[in-house]
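Here's the structure we're looking at; comments come further down.
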Amino acid sequence: MKTRFRHCLAWGLGLILVLATASNGNSQAAKLSPLEELGKKLFFDKNLSTPPGQSCAACHDPLDGWVGSTENKTAVYEGALKGRFGNRKPPSAAYAGAGPMFHQNAEKDFIGGMFWDGRATGADWKDPLAEQAGGPFLNPLEQNNPDKKAVVLKVRSSDYAVLFEQVWKVPRSNWDRAVDATYEKICRAIAAFERSAEVSPFDSQFDLFWKNAAAKNLKVEAIDASNAKRYAGLGLNDAELQGLALFNTKAQCAKCHVLTASPDGKPPVFTDYTYDNLGVPANPANPFYAMDKAFNPEGRNWKDPGLGGFLKSEPRYAAFAEKNMGKHKVPTLRNVDLRRDPKAVKVFTHNGSLQSLKAVVHFYNVRDIGGFPPAEVKANLNTEEMGNLKLTDAEEDAVVAFMKTLTDGFLPPKK
């Protein structure tokens with residue numbers, strides 16, 4: 001069994017992780033620093049695409065947990081240019097700031113980086129989140145800008161250019177003469193906003209439970225069926241508490257979506273930053289299959305290589321590509337059930353092939369028993385922590401009930 005990354009590697013990079021209220025549709029916005037406020041304006045600016053109309057929030061909607069909007073029924077999003085689609089479901093922009101730089105551990109497992117395939121490694125700016133923020137602006141399938149200068153000029157003509165000058169102490173007259181440096185500042189500001197208490201507030205029902213457990217000197221990561229009663233009355237009901245105990249034991253969720261606290265005592269973000277091939281089937285509704293050959297020469301035969309595809313493109317990592325084909329980054333589970341409308345369908349996994357939390361848990365539970373379409377990529381399946389977990393239907397429901405406690409903006413009942 002591969003060694004899992006169970007401890008936080010990089011909680012620095014100016015991380016602002018404080019308990020505060022979030023602007024996710026459930027609560028009021030936290031107070032932002034000038035840098036974070038600048039990042040917010042950039043994040044929601046629809047003019048920063050070519051043609052104008054698509055902001056970062058188009059694929060990272062706060063009303064749906066900073067992932068793609070539930071109003072999109074295909075899971076994959078059309079870019080600024082009509083008819084061009086990406087190939088993966090947008091991951092969450094929240095709780096991403098603690099992710100470490102892309103690297104291998106002693107067991108040669110890959111850890112960290114941003115995007116589903118890790119390609120924003122942090123090697124250039126020592127901050128994977130800032131590097132990720134710079135990707136969509138230049139992606140022809142997303143915001144479709146021709147180059148960094150086009151983005152810089154749009155920011156220079158924006159109504160928040162004065163704030164940019166004040167934050168970075170660089171007059172706008174110099175921006176187009178130092179395009180790379182200015183573009184980096186744009187991306188770092190967006191990363192600062194994503195790290196802010198508005199986007200990553202740690203104010204879910206689970207966070208209140210975590211705080212209450214800590215006050216009783218109870219370690220949440222130690223919960224199991226034998227001791228679960230000790231955690232009763234701390235913020236989770238019986239079903240949610242049973243789900244947490246299962247999450248940590250029989251369901252094996254915590255092997256990857258770890259319950260380990262950060263070094264400064266903040267609650268977990270529910271990822272160990274590693275990569276797995278879950279064996280999910282292809283999503284036939286993915287519009288990328290029908291994309292122009294310039295973007296998808298394989299057409300319907302395309303299979304998402306995930307981490308392996310990125311490794312294959314990098315000479316220093318190419319030798320590890322085949323062993324990592326089909327693997328995708330373990331995502332945070334925070335806000336996993338947040339939807340603008342409780343009746344809206346929210347899709348999951350890198351390709352959106354599973355369309356409810358119950359479906360996800362059931363797939364993890366019985367994947368190897370049969371009844372599912374074949375895996376999109378059959379190589380390198382995780383067979384150690386999923387596939388035949390022997391959970392009952394009621395136990396599946398309990399795990400789902402627990403994951404619903406990870407939604408930000410929780411308001412405790414009035415006493």
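Rule-based calculations on the coordinates, nothing more; no lab input. These numbers were taken from a predicted model, which means no experiment stands behind them. In this analysis, Cβ positions are derived from the backbone assuming ideal geometry, glycine residues included, and neighbour counts consider all displayed protein chains.
Take every Cα pair under 8 Å whose residues are at least 6 apart in sequence, average their separation, divide by the length of the range 34-195, and the relative contact order is 27 percent. A Gaussian network model of the chain, with springs between Cα atoms under 10 Å, assigns the largest mean-square fluctuation among Ala318, Ala133, Ala285 to Ala318. Taking only the alpha carbons of the range 34-195, we obtain Rg and Dmax values of 15.6, 50 Å in that order.
Looking at the chain alone, DSSP beta bridges between its own residues are antiparallel in about 80 percent of cases. The Stokes-Einstein estimate for the range 127-280, based on a Kirkwood radius over Cα pairs and taken at 4 °C with 1.567 mPa s viscosity, is a diffusion coefficient of 68 µm²/s.
Largest GNM mean-square fluctuation among Asp337, Asp272, Asp147, using the chain with Cα springs under 10 Å: Asp147.
Its Kirkwood hydrodynamic radius, worked out from the mean inverse distance over all distinct Cα pairs, puts the chain at 22.0 Å.
Both radii are taken from the alpha-carbon atoms of the range 336-415; with Rh as the Kirkwood radius, Rg/Rh is 1.04.
Thinking of the range 300-365 as a set of Cα atoms, what percent of all their pairs are more than 16 Å apart? Here the long-distance tail beyond 16 Å is 59 percent of all Cα pairs in the range 300-365. Excluding the sites themselves, what is the longest stretch of the chain that contains no GluC sites (Glu not before Pro) in a DSSP loop with at most 15 other C-beta atoms within 10 Å? No qualifying site falls inside 108-297, the longest such stretch. Note on the chain: with a GNM built from Cα contacts shorter than 10 Å, the maximum mean-square fluctuation among Ala294, Ala344, Ala232 falls on Ala294. Using every pair of distinct Cα positions in the range 284-325, the Kirkwood expression returns a hydrodynamic radius of 11.2 angstrom. Kirkwood analysis of the Cα pair distances in the range 176-255 returns a hydrodynamic radius of 15.3 Å.
Beyond a 31 Å Cα-Cα separation, which of these cross-linked pairs lie in this structure: Lys108/Lys216; Lys148/Lys293; Lys154/Lys343; Lys211/Lys346; Lys82/Lys148?
Values: Lys108/Lys216 38 Å; Lys148/Lys293 25 Å; Lys154/Lys343 38 Å; Lys211/Lys346 29 Å; Lys82/Lys148 21 Å.
Long pairs (Cα-Cα over 31 Å): Lys108/Lys216; Lys154/Lys343.
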